[in-house]
Amino acid sequence: MEFLIQSDRSGSYPQPSFHTAFRDGPCAGIEECLPTVGPCGPETDGGPVPDHGDFWQLRWNLTSVSSTHLHLLSTGFSRTLRFSKDVSLNDDTLSIVYRTENIGSTVQSFLYACHPLFAVSAGDLILLPAEVRELRLDYSRGNRIGGAGTAIAWPETQSGIRLDLASSPDSGTAEMFYTDRLSQGCCGIYRSATGQTLDIGFDPQRLPYLGLWLCYGGWPDGGPGPRQYAVALEPTTSGCNTLLEAQRNGSAVTLDIGETFQWEIRFRVRNSDSRPSSSPLGEVNRIYLSASRDGDPEAGGAAGD
């Protein structure tokens, strides 16, 4: 069972630049959005930033490898940020420990969002923390359910749309949401066809917000390429789309010269005896916290550790 969508693009991809559009890339797998999601102009502290950040455009250096572990490293071009990830497989759980270091000579700030594009089928269930009762709408194609900034009830909108149920690929819809600050670092997807649940665990002290992208054939607009059919559950440092906005609302992560920031995300696949309810994720949060205590105590280390 493949939980991530794979690229159906052919031909070469554009070279890394400030002007490269995310839609022209692979649009598949797990993209690492750093130092932004949405593009930012020269008014941004530190200068402009490309669409979805630097690192989805760049090659990564594989510095160590074994049957259960990978260490990858890359350095950004819009900011003096060195970004690494340790990927470890332990039974049914994939752990990714991330580390960002300011290797430049000036203070730098960034927004980070994990951007996993998950494959879904109509009727699959999207699982958010039990505390989530409302989402802030960032984008809705054609303003189908409202304009940016609208408060939208979860899991069912005021107009009766079930957001927690995946729609069909011909729905032609696309929406982006953000939660308020979370106390539970958990979310997931239940795949009805196989009875499997993918749990995602993260430290809400490091990644206090969750972005939710629901795309059922509604993006991208125009062009000859296929429309996307995917759901993205995006643990993030900021409940907004751009580094500029994160700087203005105080949620951007700031690193002094030589300072680092570290966090972890865990993905676990499990068989489900029955279809879960819409928000059964208190257990997932406990599993993540227990695994963190049993593992590396520095896995969620603070800036400067």
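Quick one: work out Rg over Rh on the C-alpha atoms of the range 174-271, Rh as Kirkwood radius. Ratio value, two decimals: 1.04. Sites listed here are GluC sites (Glu not before Pro) in the range 12-90 whose DSSP assignment is loop and whose Cβ has at most 14 other Cβ atoms within 10 Å: Glu43. Highest mobility in the GNM of the chain, judged by mean-square fluctuation with C-alpha springs under 10 Å and restricted to Gly250, Gly217, Gly146, is found for Gly250. Largest accessible area first, the listed residues His71, His19, His115 line up as His19, His71, His115 when surface is computed with a 1.4 Å probe on the assembled protein chains.
What number comes out for accessible area per residue over the range 1-91 if the probe is 1.4 Å? Units Å², please.
The answer is 52 Å² per residue.
Using a Gaussian network model of the chain in which every pair of alpha carbons under 10 angstrom is joined by a spring, one finds that among Leu243, Leu73, Leu128 the greatest mean-square fluctuation is at Leu73. Note on Leu73 and Ser272: the model spin-label points, each 7 Å out from Cα along the C-beta direction, lie 4.0 nm apart.
Using R₀ = 35 Å, calculate the FRET efficiency as 1/(1 + (r/R₀)^6) where r is the Cβ-Cβ separation of Ala130 and Asp221; round to 0.05.
The value I calculate is 0.50.
Computed from backbone phi with θ = phi - 60° and the Karplus coefficients 6.51, -1.76 and 1.60, the 3J(HN,Hα) list for the range 154-165 is 10, x, 10, 6, 4, 8, x, 7, 7, 6, 7, 10 Hz; x is used for glycine and proline.
Pair-distance distribution P(r) for the range 84-129, from all Cα-Cα distances in 5 Å bins starting at 0: 5, 11, 14, 19, 17, 14, 9, 5, 3, 1, 0 percent. Measuring nothing but protein heavy atoms, the accessible surface of the chain at 1.4 Å probe radius is 49 percent carbon and sulfur. Surface exposure of the range 104-153, expressed per residue as accessible area with a 1.4 Å probe, stands at 36 Å².
So for the chain: antiparallel DSSP bridges make up what percent, rounded to the nearest 5?
95
The rule of thumb for compact globular proteins, 2.2 N^0.38 Å, goes into the C-alpha radius of gyration of the range 41-129 1.35 times. A DSSP coil position with no more than 16 other Cβ atoms inside 10 Å describes the following trypsin sites (Lys or Arg not before Pro) in the range 142-220: Arg144, Arg181.
The values are calculated or read from the model by the stated rules, or taken from the named source; none is laboratory data. Since we're looking at a predicted model, the values are computed, not measured. Heads up, the Cβs are rebuilt from the backbone with ideal geometry, glycines too, and the neighbour counts pull from every protein chain shown. Areas reflect the complete protein model, heavy atoms only, side chains present, ligands, DNA and RNA absent. Shrake-Rupley method; radii C 1.70, N 1.55, O 1.52, S 1.80 Å.
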